[in-house]
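Report on the structure given below.
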Amino acid sequence: MTDLYELTAAELARFLRQGKASSTEITRSFLDRIEKVEDKVKAFITVTPKLALEMAEEADQRISSGDVKPLTGIPIAVKDNMCVKGYKTTCGSRILADFVPPYDATVVRLLKEEGMVILGKPNMDEFAMGSSTETSCFGVTHNPWNPDMIAGGSSGGSVAAVAASEAPTALGSDTGGSIRLPASFCGVTGIKPTYGAVSRYGLVAYASSLDQIGPVARDARDIALVLNLICGHDVRDSTSVPTEFPDFTTFLDKPVKGMTIGMPREFFEKLDHPDVARVIDDAKSTFERLGVTFVDLSLPHLDYGIAAYYVIAPSEASSNLARYDGVKYGHRAEQFEGMIDMYCRTRAEGFGPEVKRRIMLGTYALSSGYYDAYYLKAAKVRTLITQDFKKAFETCDAVFCPTGPSPAFRIGEKIDDPIQMYLTDVFTIPVNMAGLPGISLPAGFSKDGLPIGVQLIAPHFEEGRLIQLSSAYQNETDHHLKRPSL
């Protein structure tokens, strides 16, 4: 018999409705799995067994009374930059190591209203600044397919938890690829919704104009279920868009014959890893068998994407992280002489090297005499990238490219070379810059047995189109069904 922790969220929901298992039994199965494999994966900063079992018991009571929603009783992990009332929210940083929020993020409130079960808070790069989860002050998350390799970042813990069957689904955040990259590295499905589709209230900000919460899961069906729950307008978030969202499950199993997918030459000119190229070709062939037509297109300003991103994101981080001063909450230095010294010592002790690097980059870019030369120019480049995509979508339904330039790399391989680490995001950053939805799908493996993902990008608020294409692809392939042997 299949262990409960091996099932998807949709399969578990069916078990619950049929009375084959209780939420408490399902939750215990995942908690036992965490206890068994967590020392190898290190996916979590905080596991919350007491909270999880209490929520599971409540879910069982709701189910027995007939109050059943699609994800009632299903466990989920919540990245450690989303506030859960009464439980630590650290952002992987010393400066927030003991911070306990007095309120729930909107997405957490929605999970609770649905009757979902929160298993814990997964690990992440400090303040979501990183592509490998190596900047977390709580240690590195390991790739379940090979513990010597990175799981990706910044949502590496959320993704590794799903890949290692420690959670059926998880929430991550994506500022420049932080859901999609680790999803590619760990062989699971992850989506970054349109900017403004999911409330950011209660998400600890890195770069406010780029951050977006999204789900990680085994397959498109689970992604659709979680999107149905978390998408929607929130008056508490001024960037939340007041629009109606469809039932994303209606896009599952829909034919894709006649759809057109664009292949940007600027992306494929950068593709030099043979395993990634082979996987991309195989995925293209699969879509063609399904009746999809591919067209070549140009996104001429993509080459400036990373440079513009690493002006905009650090500038916003410089502003957002100014609040961590040791006065109101978070870490405060124990020894100091006067207020200014307290600020300096607190921030020196509390922030790690990568966060300090980005704060300094951003402060410089925003400083007097440099704003026009850097931030303003980067904002103009961002507009050009957005216009490139808008023009591309006049000739295609979606854009297709690799998620990452390579499979997962070895822990420690790039951490001392910031430029090489930043280039890991080359295929994902433009999606955030334009505010578009993008999804990463498991599409094959390297010769060393490491997962490789492909990315699909759609116009604003066309997540349903991504679900349709992803579901069709996953009905035709089995990459998303494969599990690492831990």
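Of note:
- G92 vs. criteria part of a loop (DSSP other than H, G, I, E, B), under 29 Å from Y206 (Cβ atoms) and touching an Asp or Glu at 6+ places or on another chain (Cβ under 9 Å): yes
- Residues of region 260-296 that turn out to be in a strand (DSSP E or B) and surrounded by fewer than 20 Cβ atoms within 10 Å (Cβ to Cβ), as a count: 6
- Test result for Y364, touching a Phe, Trp or Tyr at 6+ places or on another chain (Cβ under 8 Å) and either over 20 Å from G176 (Cβ atoms) or surrounded by fewer than 17 Cβ atoms within 10 Å (Cβ to Cβ) (or both): yes
- Helices (runs of 4 or more DSSP H) contained entirely in region 391-486, each with at least 2 residues that are touching a strand residue (DSSP E or B) at 6+ places or on another chain (Cβ under 6 Å): 463-476
- Complete set of residues in region 1-59 that are under 24 Å from the mean Cα position of the chain (by Cα), assigned to a helix (DSSP H, G or I) and among the hydroxyl-bearing types (S, T, Y): Y5, T27
- Failed condition for G86, given (1) among the small types (G, A, S); (2) over 25 Å from N228 (Cβ atoms); (3) crowded, with 24+ Cβ neighbours inside 10 Å: (3)
- Residues within region 200-240 that are under 20 Å from L466 (Cα atoms), assigned to a loop (DSSP other than H, G, I, E, B) and small (G, A, S), tallied: 1
- D341 vs. criteria modelled with pLDDT of 95 or more and not in a helix (DSSP H, G or I): no
The values are calculated or read from the model by the stated rules, or taken from the named source; none is laboratory data. Please read these numbers as outputs of a predicted model, since none were measured by experiment. Note that each Cβ is placed from the backbone with ideal geometry, even for glycine, and that neighbours are counted across all protein chains shown.
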